[in-house]
Amino acid sequence: MLQFMKPGFGTILPEDGRAHEEWVEALMRQDYVIETWHCDLSTGLFSVGEAAKARHGLSDRLCGLLDIIRGYHPDQHQTVLNILEQATAAASSFCFCASLEDADGDAIPVFCVGTSRIDQAAGRMQGVFAFMPVED
């Protein structure tokens, strides 16, 4: 697991490309499945990949925030909501870790690292989800 975070924790910084890159590089050095995502802040719709869709139990790759966090442990909902709310208020770099439940009912971590851009015309968040590989 990443050294900087455990499920239920997160951090947000003013837009800081260096921190974002370091967080993503830390994930890439591990044996995680990494997948990109983005969110159009004008609609609130997230576009996630197939792994995120499956792991979060989503019916579609386009979804809302509540669809994504529904699968996280209830104790972690407020942390995720707070981080993403702050990220939509000002350009930011952020990361959090939450727990998803696997088919056996075990908690597995999901890491999210992202950035947000806010301007008068539109806003966008984008980043990566990182999942532990599925064992055969």
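Coordinate-derived values only; no laboratory data. Keep in mind it's a predicted model, so treat the numbers as computed, not measured.
Along each of the three principal axes of the Cα atoms of segment 18-125, give the extent in whole Å, ordering the values from largest to smallest.
So the extents along the principal axes, rounded to whole Å, are 46, 30, 26.
For Cα pairs less than 8 Å apart in space and 6+ apart in sequence, what is the mean separation divided by the residue count of segment 12-131, i.e. the relative contact order in percent?
Working: 221 pairs, mean separation 38.6, N = 120.
Worked out over segment 12-131, it gives 32 percent.
Based solely on its DSSP helices, what 222 nm [θ] is calculated for the chain when runs of n ≥ 4 H residues each add -39,500 (n - 2.57) and the sum is averaged over all residues, nearest 500 deg cm²/dmol?
Result for the chain: -7500 deg cm²/dmol, rounded to the nearest 500.
Treating the angle as unsigned and between 0 and 90°, give the value, to the nearest 10°, between the Cα long axis of helix 77-89 and the longest Cα principal axis of the chain.
Value to nearest ten degrees: 30.
Any idea what angle helix 17-28 forms with the longest principal axis of the chain, computed on alpha-carbon atoms, 0 to 90 degrees, nearest 10?
Around 10 degrees separate the two axes.
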